[in-house]
Amino acid sequence: MELKIGVIGTGAIGQDHIRRFTNKVKGAKVVAVTDINAERAVQIAQEVGATFVETGEELIRLPEVDAVVVTSWDPTHEGYVLEAIKNNKYVFCEKPLAVEAEGCKRIMNAEVELGKKLVQVGFMRRYDRGYLELKEMVDSGKLGEVLMLHCAHRNVSSGENYDTPMAIVNTAVHEIDVLRWLLNEDYVAVQVIMPKQTSNTHDKLHDPQILILETESGIHIDVEIFVNCKYGYDIKCEVVCENGAVSLSNPSYSSIRSAGNDFTGIPMDWEQRFEGAYERELQLWVDSVKVDELNGPTAWDGYVASVTTTAGTVARETGKRVEIKYDECPDLYKVNLIKL
Ligand code: NAI
Ligand code: ISE
């Protein structure tokens, strides 16, 4: 039977996910969409044979909607997720789960009260083949203990509305999630370094920035966040261990040799770079909803990401090393195995 999905937010990633549910993911169908930009949502609804609904709340309550996807702006996520839980519906929410840790806690409380996980957060990097291979190597212990990680998150360019705090809250949040999953460890402290700026920025954005995270066992992680690098969408991660190192490589399917050079393509955006990860993420979410047992990133993961990004913001503002403390993890979230 097909899982009938309602999508809230038909902007960039909302449209991508609708396309994936329609053309790639098996066993799912988008039956309802909504957006405050009604004109665009009506058009998209027509294209995929879905119903346009006036509001997100109305969409969540529709009896024909089995599960909800939230791809609207960040501050709207919490309200829609809480409404979905209230209506006992599974909900896939793009990052961030809520803009602040308190919002994530309200969502966890609602799930704990219900005694069931209904929420999955869109941390798609956990489904990327490259990160999965790194994790396999780290977990195998073949290279010895992990000592350091050197990472970079480079976007081609950022818009006028993208400002200094977003580098951590909106962009490095992906590293913050995927690296604790990769290492099976949480963070204990964070620092932020503000290096020399690119001239390709504006006065509300300090670009690049460097985030330094420390984990429970003392692993140091540096993450360069450079959102106007101009040349491509470049995601780097080198895990340095006692007896070797393992790194991500950019997926590319061909290269050109000409005039004494070897040209290899670089993805230009996250859609291209993580195409396979998004597909796997949504397919596994649909499969898990159908068997009534989620196995992806939880509200707890959303909470940990939020506490960490907030600590990162304080570290940037104060220039100091900031210790990170999380609440006790509720039992509901202690077992969470992604079966890939
Ligand atoms: P966007 O601005 O292109 O689309 C957001 C859409 O939500 C817009 O069409 C807007 O009209 C609509 N919207 C805003 N408030 C609404 C409300 N109350 N009810 C219904 N619709 C509403 O933004 P984009 O890039 O698609 O991002 C959406 C979300 O997805 C963000 O939270 C962002 O952080 C996340 N995201 C995640 C990515 C990932 O790699 N996992 C990549 C890009 C975005
Ligand atoms: C965007 O919101 C994403 O989630 C992308 O994956 C990230 O690369 C980009 O920097 C963010 O703005």
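The strands (runs of 3 or more DSSP E) found entirely in segment 234-299 that carry 1 or more residues being polar (S, T, N, Q) are 244-247, 255-258, 261-264. In this entry, residue 29 is excluded by the filter for residues that are away from ligand 1 (no atom under 12 Å from the Cβ) and touching a residue at least 60 places away in the same chain (Cβ under 8 Å).
Regarding segment 273-284, can at least one residue be identified that is among the small types (Gly, Ala, Ser), within 28 Å of residue 186 (Cβ to Cβ), surrounded by 17 or more Cβ atoms within 10 Å (Cβ to Cβ) and at pLDDT 95 or above? Among the residues of segment 273-284, at least one is among the small types (Gly, Ala, Ser), within 28 Å of residue 186 (Cβ to Cβ), surrounded by 17 or more Cβ atoms within 10 Å (Cβ to Cβ) and at pLDDT 95 or above, which makes the answer yes.
Set side by side, the residues 107, 85 differ, and just one is within 22 Å of residue 291 (Cβ to Cβ), away from ligand 2 (no atom under 15 Å from the Cβ), part of a helix (DSSP H, G or I) and at pLDDT 95 or above, which is 85.
Which count do you get for residues in segment 110-158 that are of a type outside the set (Asp, Glu) and either outside any helix (DSSP H, G or I) or at positive phi (or both)? So the count comes out to 26. Return yes when residue 200 is modelled with pLDDT of 95 or more, within 16 Å of ligand 2 (Cβ to nearest atom), in contact with a Lys or Arg (Cβ under 7 Å, 6 or more places away or on another chain) and not hydroxyl-bearing (Ser, Thr, Tyr) and no when it is not. Yes, satisfied. Filter segment 82-112 down to residues that are more than 16 Å from the chain's Cα centre (by Cα) and within 14 Å of ligand 1 (Cβ to nearest atom) and give me whichever is farthest from residue 178 (Cα to Cα). Here the residue is 83. Of all residues in segment 22-59, which are among the aliphatic types (A, V, I, L, M), under 15 Å from residue 11 (Cα atoms) and out of contact with any helix residue (DSSP H, G or I) (no Cβ under 7 Å at 6 or more places or on another chain)? Within segment 22-59, 36, 38, 41, 42, 45 qualify.
The values are calculated or read from the model by the stated rules, or taken from the named source; none is laboratory data. What you are looking at is a predicted structure, and each value in this text was computed from that prediction instead of being measured. All Cβ positions, even for glycine, are placed from backbone atoms using ideal geometry, and neighbour counts span all protein chains on display.
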